[in-house]
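Readers should treat all values here as calculations from the given coordinates under stated rules, not as data from a laboratory. Keep in mind that this is a model prediction, so the values were computed, not measured. Cβ coordinates were reconstructed from backbone atoms using ideal geometry, including for glycine residues, and neighbour counts include every protein chain displayed.
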Amino acid sequence: MTIKAQALADFVSEIMGTNQEEVFEERPWILHVDGSSTMQGSGAGVVIASPQGDDMEFAIKFDFKASNNEVEYEALVIGMRMAQDAGALHLLAYSDSQLIVKQVTGEYETKEESTVQYLQQKDELKTKFKSFHLKQIPREELKQIIYSNWPVH
């Protein structure tokens, strides 16, 4: 931030009776999650962005067999925990899985026991935030966000 921009931000904060940290505290952290399961194994990509623009990127390899839906839920729950540990109060999460998003938002019914357990974990974690929202994002957009900076092997 330039000196003029910082001076303006300080002035506005003084007039409004708030400081910059309080403003950032009310802006949402952004969470992008993606899970994948193949015959070779399963894993997840998680990207968390703070209101200040700091990105944290994680690649997680699971040592258990899981369906694509289960690893999508694992990615969401892990991402929510990481965001909470990082200090997020408001969280806006994105996934490309229509099923997961619709189950989490209550638009689709949940029948599988493992899915019910993931939803319970999500509900418990949700109480740690002042606000939590999950939205669907197109697969190509999600891939660009999560995997664009990863080294190619």
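What do you get for trypsin sites (Lys or Arg not before Pro) in region 107-147 restricted to DSSP loop and a cutoff of at most 12 other Cβ within 10 Å of the site's Cβ?
Answer in residue order: Lys111, Lys130.
Test of understanding: extend the Cα→C-beta vector of Met56 to 7 Å, then name every residue of region 83-105 with backbone N under 18 Å from that spot.
83-94, by backbone N distance to the label point.
Lysines within cross-link reach of Lys122: Cα-Cα under 26 Å, excluding same-chain residues under 8 positions apart?
Lys61, Lys65, Lys102, Lys111, Lys130, Lys135, Lys143
How would region 25-147 be classified by its alpha-carbon gyration tensor: rounded, prolate or oblate, with rounded meaning a/c under 1.5 and the a/b versus b/c comparison settling the rest?
oblate
Multiply the residue separation of Glu107 and Gln120 by 0.36 nm, subtract the distance between their alpha-carbon atoms, and state the gained length in nm to one decimal.
Extra length available between Glu107 and Gln120 comes to 3.1 nm.
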